[in-house]
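This report refers to the structure that appears directly beneath it.
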Amino acid sequence: MGDVREPLRDLIECGLPQALEVMGERWSFMILRASFNGLKHFEEFLSELGIARNILSNRLAKLVEHGILRREPCEDDRRKIEYRLTAKGFDLLPAMIALRQWGQKYGSEPVKEDPVLVDARDRLPIGPVSILAHDGRILSHEDLWLTRRIDLGRRADGTVAEPGAGLARGDVADLDAARKAPDRKSAAG
């Protein structure tokens, strides 16, 4: 993946350990899956998942603390609480689907799911979760490369790539800052 290696001991510079701190155990994923399936109440999670009450309480509190779920009073009975997905929670959907597809493909037993996850318009099964380039190209592991921030957008042939519409706002800001760095050549080595 390039001539730059991630500092594997430096957990601060990697989002994976941070994600695993919040989501890194089975019940958190099962609660999230249940939330994506419309469950909102403590008792619903308890009966559907078969989870111990104390573990459910702990995991829900952790998901709320980390902004994955939010607690809200029920509209019809303000004494009851609902757990609702936040934008941060909905952003975990691609990761959840990728793990689900991986489990279907490589799990110890073949999985013939029913119901099947489909797109709402055509009612056909969704395709595999993919890694997309900034311009929408589907990438394989062979297309991935690690580079320093200062080298963002600099191609191997020396030309400069322009970000496509798929690049997030923060990534574009990083790219602009890297391009404006005072002494790019000496910093790049």
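The values are calculated or read from the model by the stated rules, or taken from the named source; none is laboratory data. Source: prediction; values computed, not measured. Every residue, glycine as well, gets a Cβ built from its backbone with ideal geometry; the counts of neighbours run over all protein chains shown.
What number of residues within the range 27-75 satisfy the criterion of being of a type in the set (D, E, K, R), in contact (Cβ under 8 Å) with a residue 12 or more places away in the chain and either assigned to a helix (DSSP H, G or I) or under 15 Å from Phe90 (Cβ atoms) (or both)?
6
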State whether the residues of the range 73-84 include one that is modelled with pLDDT under 95, under 17 Å from Val129 (Cβ atoms) and surrounded by 13 or more Cβ atoms within 10 Å (Cβ to Cβ). no
Before we move on, is Val111 in contact with a strand residue (DSSP E or B) (Cβ under 8 Å, 6 or more places away or on another chain), outside any strand (DSSP E or B) and outside the structural domain of His41 (by TED's automatic domain parsing)? no
Residue identified as under 20 Å from Leu32 (Cβ atoms), surrounded by 11 or more Cβ atoms within 10 Å (Cβ to Cβ) and modelled with pLDDT under 95 among Arg100, Arg154: Arg100
Which numbered condition Ala98 fails, given (1) in contact with a Pro (Cβ under 9 Å, 6 or more places away or on another chain); (2) outside any helix (DSSP H, G or I): (2)
